[in-house]
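Below: one structure, written as structure tokens.
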Amino acid sequence: MRTSSGVNYDAIAHLYDLQPHRGKAVDPELVMFIAQRASADSSSILDIACGTGSQLVANRSIVSDAQLVGLDRSFGMLCQARLKARDIAWLQADGARLPFQAESFDFITCQFGFHHVPDKTGMLRALFRALRCRGRFVMRNVCPQEHRIGSITIISRRRCRLILRIFGLRRTLWRRWRRSALRR
């Protein structure tokens, strides 16, 4: 499966977690976010562009009774994910065409995969349809191939709020980055 960046993830899936420049460390902030907000009523997590599944495997330890679904376009990456956890649902699909009913998930994440999605607007529409009322969407994206100066795109809060309002969102959680963190 070739992506917009030209990488064939099916071909490299068996080596993906072993490559030092593709370090897939678990995101501790997302794990904390889920742990702090999970309740008896909040029990479903979708990870779009899940790759080899490292994040969902970590999430499982925090919300052991949750329904966990990993979605990726690459069959090879999903095969590697299945080796890590057979009790998580691994699904091959396009993030812009989510095969779920409306309001199916309490948490939806997309960690470092948004730049691979050809139809970004379609993906946002699809995920906000699949997200339950009062659900949470967390996205992180770093893409050095698409940005000349570093690998982080920074937009103003005002512009971000305008974009989010298009999708009917009013509340956002902001995190300030220290300048020293951006220089690393």
(request) Out of the residues in the stretch 123-140 that are within 11 Å of the chain's Cα centre (by Cα) and outside any helix (DSSP H, G or I), state the one that is surrounded by the fewest Cβ atoms within 10 Å (Cβ to Cβ). (result) Arg140
(request) Say whether the condition of being modelled with pLDDT under 85 and in contact with a strand residue (DSSP E or B) (Cβ under 7 Å, 6 or more places away or on another chain) is met by at least one residue in the stretch 145-164. (result) no
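The values are calculated or read from the model by the stated rules, or taken from the named source; none is laboratory data. No experiment lies behind these values; they were computed from the predicted model shown. All Cβ positions, glycine included, derive from the backbone under ideal geometry; neighbour counts span all protein chains shown.
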